[in-house]
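Reading through the structure tokens given below for one structure.
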Amino acid sequence: MHDHKVTSEFIETMLESRGTGIARDLKLNLRRLIEESSLTPQESTLALLACATAVDHRSLVSHSRERLVALEFSTEQIQEGAEVAALMGMLNYYYRFKHMLDKDEEYKTAGLRMTSMARPALGKELFEMLAFAVSVINGCENCVKAHENVLRESGVSVDKVHDLARLAAVVNGLKVLEYAA
């Protein structure tokens, strides 16, 4: 069983020197999304890892990796959870380029290798959840829509999709908060 106390203590320690209302809101939002959301501990911790990697929030990355080891994920699964941020970073930026130009007839295929998406070590559903969350952070409308459709068609609840989007938003806010010091 996932020990939420460990994550709660980490969140508290991470933001202990920040007494502002904004820091408190972000801390409470993260705690709620980790402890009380529709996401399982495995899903929320993997999403935290992928999102934290996407925004380069090193302490959240480190904490997430430790929690995933405790949740008995393999080294390969943990690495893939982090590397989803790299793959989606590439794809999100490319598809944003296509969307901005709106010239699909001229730029027909991406021509970018992405075969890792076919058989992910995490399984298709978890991989899609992470791809969705990172796409939210990267602001790729087409990718967000595509991954949301795949998740909903595979039976993932709207609550889980919504919690993934909110977790991505909070992680992004926490990264910005680091620079506001």
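Every number in this text was worked out from the coordinates using simple rules, so none of it is lab data. Note that the coordinates shown come from a computational prediction; the quantities given were computed from them, not determined experimentally. So basically every Cβ, Gly included, is an ideal-geometry build from the backbone, and we count neighbours across all protein chains shown.
What is the order of C51, C140, fewest Cβ neighbours within 10 Å to most?
C140, C51
Sorted from fewest to most neighbouring beta carbons within 10 Å, what does the list V150, V136 look like?
V150, V136
For the chain, what does -39500 (n - 2.57) per DSSP helix run (n ≥ 4), summed and divided by total residues, give at 222 nm, in deg cm²/dmol to the nearest 500?
When only DSSP H runs of four or more count, the value is -24000 deg cm²/dmol.
State the answer as a single residue: which of S74, F97, L112 lies farthest towards the positive end of the charge dipole of the chain, with beta carbon charges of +1 for Lys and Arg and -1 for Asp and Glu, about the Cα centre.
Toward the positive end, the furthest listed residue is F97.
Within the chain, which cysteines find no other Cys whose Cβ is under 4.7 angstrom from their own?
Cysteines lacking a close Cβ partner in the chain: C51.
Which ordering of I78, I137 is given by a fewest-first count of other beta-carbon atoms within 10 Å?
I78, I137
Give me the Kirkwood hydrodynamic radius of region 97-181, using the inverse of the mean 1/r over all pairs of distinct Cα atoms, in Å to one decimal.
Hydrodynamic radius (Kirkwood, Cα only) of region 97-181 equals 14.5 Å.
State to the nearest 20 debye the size of the charge dipole of region 119-181 about its Cα centre, where the only charges are +1 on K and R beta carbons and -1 on D and E beta carbons.
Its charge dipole is roughly 100 debye.
What is the distance in Å between the Cα centres of region 18-45 and region 127-153?
20 Å
Let me spell out the model: positive unit charges on the Cβ of Lys and Arg, negative unit charges on the Cβ of Asp and Glu, origin at the Cα centre of the chain. What dipole size does that give, in debye rounded to 20?
Using Cβ point charges on Lys, Arg, Asp and Glu, the chain gives about 260 debye.
Here are some values of mean projected area of the Cα convex hull in nm²: [x] 10.2; [y] 10.8; [z] 14.5. Which one was computed from this structure?
[y]
Just flag the chymotrypsin sites (Phe, Trp or Tyr not before Pro) in region 92-147 sitting in loop per DSSP whose Cβ has no more than 14 other Cβ atoms within 10 Å.
Y107
Number of Lys-Lys pairs in the chain under 16 Å by Cα, sequence gap 8 or more or different chains?
6
Once phi is turned into θ = phi - 60°, what whole-Hz ³J(HN,Hα) does the Karplus curve with 6.51, -1.76 and 1.60 give for every residue of region 103-108, x standing for Gly and Pro?
10, 4, 5, 8, 10, 6
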